[in-house]
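The values are calculated or read from the model by the stated rules, or taken from the named source; none is laboratory data. Computed from a predicted model, the values in this text were never measured in an experiment. Reconstructed Cβ throughout: ideal geometry from the backbone, glycine too, with neighbour counts over all protein chains shown. Heavy atoms of the whole protein, side chains included, go into the accessibility calculation; ligands, DNA and RNA do not. Shrake-Rupley method; radii C 1.70, N 1.55, O 1.52, S 1.80 Å.
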Amino acid sequence: MSIKKRAGQTLVEILVALSVLEVVVLTSIEAFGTVFAAELQIQERAHKASYAEWWFNRLELPVSRADIDAAPRTDEYGKMRFEWDAVPGNYDTFYVTLRVSNGSGTDTPFTISRVY
């Protein structure tokens, strides 16, 4: 009866396995980071959209140019900033384009338009 030696793993095989594991782990971490960043962007956009609704709800019908000019430039807590353009349209209407921003230099404003 002969005893068979079991072949061991070489250093090269172990290094290849560790390299593959490293690629898998780094790719997973990057994917989680991307999903987390997307979730934050979605939450920020939804937050700005709710503040846009808050701003539009401050206007009372029928809307006049004075009402639009007197609308708040910030929310009640000073977190969000509002900028708008109001262009007169036909039949005493106004086309209001509102931009909601958190005021930081890197922020992308949320923009929405309505006709009053």
How many residues are on the phi < 0 side of the Ramachandran plot and at pLDDT below 90 if we restrict to region 68-88? 3
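From the list Asp107, Asp67, pick out the single residue that is surrounded by 11 or more Cβ atoms within 10 Å (Cβ to Cβ), touching a strand residue (DSSP E or B) at 6+ places or on another chain (Cβ under 6 Å) and either outside any strand (DSSP E or B) or without any contact (Cβ under 8 Å) to a residue 12 or more places away in the chain (or both).
Asp107
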Among the residues that make up region 34-47, is at least one of them in contact with a strand residue (DSSP E or B) (Cβ under 7 Å, 6 or more places away or on another chain) and not hydroxyl-bearing (Ser, Thr, Tyr)? yes
Can you name the residue in region 75-99 that is within 28 Å of the chain's Cα centre (by Cα) and among the small types (Gly, Ala, Ser) and, of all such residues, is surrounded by the fewest Cβ atoms within 10 Å (Cβ to Cβ)? Gly78
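Kindly indicate whether any position in region 85-104 is in a loop (DSSP other than H, G, I, E, B), closer than 17 Å to Arg45 by Cβ and of a type in the set (Gly, Ala, Ser). Step through it out loud before you land on a result.
Here is the first cut: in region 85-104, the residues in a loop (DSSP other than H, G, I, E, B) are 89, 93, 102-104.
Now restrict to residues that are closer than 17 Å to Arg45 by Cβ: 102-104.
Filter once more, so that each one left must be of a type in the set (Gly, Ala, Ser): 103-104.
Within region 85-104, one or more residues are in a loop (DSSP other than H, G, I, E, B), closer than 17 Å to Arg45 by Cβ and of a type in the set (Gly, Ala, Ser).
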How do the pairs read when you match residues in region 24-45 that are open to solvent by 80 Å² or more (accessible area, probe 1.4 Å) with residues anywhere that are outside any helix (DSSP H, G or I) and at pLDDT 95 or above, using Cβ under 7 Å and keeping only pairs 6 or more apart or on different chains? Arg45/Phe110
